[in-house]
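To start, the structure under review is shown below, and the notes come after it.
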Amino acid sequence: MAQEQDVKFVEAIVREIVANPGDVKVDRTVDERGVLLTLTVNPSDIGYVIGKQGQTARAIRTLTKIIGAKNNARVNLKINEPEGGSRRPRREEHVDTDVVGDLEI
């Protein structure tokens, strides 16, 4: 029963945050490094779960680790990013090196 407590906890929190609570799914796997909870949500809800600058995801992970510590387990939360997610890649800065090409150093 204590094993499923972490799954129920994450599901309960995330279902309150998202617009599609029926699509929330948490898979639990155990290995030598501890417990891994893998969260899957509707692609349109990923922004709600991540939050501004990742604050919501960080808070959920912190609470999940506390629940794990209470049960003497190391618990980590992985959030599945949906295929074709709307996360924009980081913009690479373009450095104009043409002006230094002629310098003799």
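The values are calculated or read from the model by the stated rules, or taken from the named source; none is laboratory data. Just so it is clear, the model here is predicted, and its values are computed rather than measured. Note that we place each Cβ from the backbone using ideal geometry, even for glycine, and neighbour counts take in every protein chain shown.
Selection of strands (runs of 3 or more DSSP E) fully inside the range 1-87 by the criterion of at least 1 residues being modelled with pLDDT of 90 or more and acidic (D, E) returns 25-31.
Would you say V18 is over 18 Å from A69 (Cβ atoms), within 13 Å of the chain's Cα centre (by Cα) and either touching a residue at least 24 places away in the same chain (Cβ under 8 Å) or surrounded by 15 or more Cβ atoms within 10 Å (Cβ to Cβ) (or both)? Spell out the reasoning first.
On the way: over 18 Å from A69 (Cβ atoms): yes; within 13 Å of the chain's Cα centre (by Cα): no; either touching a residue at least 24 places away in the same chain (Cβ under 8 Å) or surrounded by 15 or more Cβ atoms within 10 Å (Cβ to Cβ) (or both): yes.
No, not satisfied.
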